[in-house]
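Below is one structure, written out as structure tokens; the observations come after it.
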Amino acid sequence: MKLAVIGTGYVGLVTGTCFAETGNDVTCVDIDINKVNKLSSGQITIFEPGLEKLFLRNQKEGRLHFTTSIEAAVKNAQVIFLALPTPPGEDGSADLSYILGVANQLGTILHTDDYKVIVDKSTVPVGTAAKVKAAILASATSPIENAFDVVSNPEFLREGVAVDDFMKPDRVVIGTTSDKAIKIMNDLYAPFVRQGNPLIFMDEHSAELTKYAANAFLAVKISFMNEIAQLCERLGADVDMVRKGIGSDDRIGKRFLFPGIGYGGSCFPKDVKALAKSSMDLNYDFKILKAVMDVNEIQKLHLIPKIKSFFNDDIKGKHFAIWGLAFKPNTDDIREAPAFYMIDALLELGATISAFDPEAMHNSKMVLKDKITFAENQYESLQDADALIIATEWNEFRTPDFERIAGLLKAKAIFDGRNLFDLQTMENMGFHYESVGRKSIKN
Ligand SMILES: NC(=O)c1ccc[n+]([C@@H]2O[C@H](COP(=O)([O-])OP(=O)(O)OC[C@H]3O[C@@H](n4cnc5c(N)ncnc54)[C@H](O)[C@@H]3O)[C@@H](O)[C@H]2O)c1
């Protein structure tokens, strides 16, 4: 099938590449000419494990193309994916201007006798498929009512494992009541659901809400465990034990029960906010979501009082090493990353910082500029540091050379926002070690 993907960011590039991998001819569009030039010349623009190999292979075999022209991409495409940003507006609602702007353009491009399916992959509020359809029709220059359907196909991929998630999805949700669109979407996704993972067809509204419900539920799980961790610290319980104790119950499940310094990224914060706002617009006060957001705000700065207390409230002039800047491991995405909230709080208190992240250095430098220094590797960041702070659970931070850390840190103190290290090891090595929901090791 010939496909167009409009928006070539984290979702668009993975979507385009994975559809090319199953033999489709895909043209990805982006408004960012530098991005398109880079991609066209074979340079990948995001870090996502496994993506580069597929990207290079499909580009080489002529199934994956890049352009800035929506018209050129859409002309021969049977299916057009919208993988555009939906950032939070000032009131927390999803900003649909990118999507509706492109919909307006599509109206001028579609033709009466050339049926196309427009697929919304972005995370959008209920009713957006209808808005996209209305925008296309409003800008149409010929009668195109029967020349297209708008389908909601929310994306559930996780950054860091996006290729696997896309190639072997737990499920694919498709919102449409058009038989023509159902047939095309069924054919397109057939290679991805061969193992019996379901392709779930539903109406557009239900599909749009499913995405928000999924992200909001996962955020509830995270904030719930973060509150349990708060209690553990006050009661002398160990959150790791509580986690194992409840996670072995099938009704609860083992995943997403790890406490930490809050959720970040481009999805959970904005999607929880947008769902709460949509609810308010319907005069429904979705109370759990407000609590989830409040807990997360507090949790992002969970380590700060611990750090302040260790240094007797005297942070001015202290130097900290921070390991991890990405909002989670295996991505270079720093959007809403908890590390950045901590950095701001420490700088405000007069500290200096040297940070290291295996993949997010470039993106972080663009944002932080010279507000902090950036180390070449995790150990270089410890040079002259009073203490180490861990903000992202990259695998390479899990079993470091503790002797080397102890030798480099002035205060031999570690503040771990991701519970990477064993308490007994920390005790034996003589570290002052504080984590989340576990006993403080006060050497
Ligand atoms: N990132 C994720 O893990 C993830 C997962 C599931 C769903 N989503 C949703 O998918 C959507 C896209 O997210 P993302 O993370 O890929 O965003 P992104 O910011 O990485 O990518 C969006 C891309 O769209 C481009 N763009 C903007 N306006 C354009 C236009 N008029 N024409 C062509 N291109 C244009 C931007 O330049 C950018 O490259 C959002 O709604 C998001 O909530 C994201």
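Considering only alpha-carbon pairs that sit under 8 angstrom and 6 or more positions apart, the relative contact order computed for region 212-298 is 39 percent. For region 157-199, trypsin sites (Lys or Arg not before Pro) are listed when DSSP marks them as loop and at most 16 other Cβ atoms sit within 10 Å of their Cβ; the list is R158, R171, R194. Within the straight-line cut-off of under 14 Å between alpha carbons, the aspartates and glutamates reachable from K300 are E227, E336, D344, D416, sequence neighbours fewer than 8 places apart in one chain being disregarded.
With a ≥ b ≥ c the root eigenvalues of the C-alpha gyration tensor of region 2-202, is it rounded (a/c under 1.5), prolate (a/b larger than b/c) or oblate? Cα axes put region 2-202 in the rounded bin. Other residues whose C-beta falls under 12 angstrom from the C-beta of K300 contribute a net charge of -4, scoring Lys and Arg +1 and Asp and Glu -1. List the pairs from K306/K365; K308/K410; K308/K328; K221/K308 whose alpha-carbon separation is above 23 Å, in the order I gave them. Those over the limit are K306/K365; K308/K328; K221/K308. Rg then Dmax, both in Å and based on the Cα atoms of the chain: 23.7, 76.
Using the Cβ atoms and a cut-off under 13 Å, what net charge is assigned to the surroundings of F192, where Lys and Arg are +1 and Asp and Glu are -1? Neighbour charge sum, excluding F192 itself: -3.
Sparsely packed loop sites in region 208-312 (the chymotrypsin sites (Phe, Trp or Tyr not before Pro) outside DSSP H, G, I, E and B with at most 14 other Cβ atoms within 10 Å) comprise Y284.
Could you sort out which of K2/K35; K121/K270; K183/K211; K35/K183 sit more than 24 Å apart by Cα distance in this structure?
Numbers: K2/K35 22 Å; K121/K270 16 Å; K183/K211 22 Å; K35/K183 33 Å.
From the list (K2/K35; K121/K270; K183/K211; K35/K183), the Cα-Cα distance tops 24 Å for K35/K183.
When only Cα pairs below 8 angstrom with a gap of at least 6 residues are kept, the chain shows a relative contact order of 12 percent. Listed by chain and number, the aspartates and glutamates whose C-alpha is less than 19 Å from the C-alpha of K412, apart from same-chain residues fewer than 8 away, are D313, D314, E380, D384, D386, D401, E403, D422, E427, E434. The Cβ shell under 14 Å around I261 holds other residues with a net charge of -3, Lys and Arg each +1, Asp and Glu each -1. Counting only GluC sites (Glu not before Pro) that DSSP places in a loop and that have at most 14 other Cβ atoms within 10 Å, the longest clean stretch of the chain runs over 146-375.
No lab work stands behind these numbers, since they all come straight from the coordinates. From a predicted model like this one, the values you see are computed outputs, not experimental measurements. Virtual Cβ from ideal backbone geometry, glycine too; neighbours counted across all protein chains shown.
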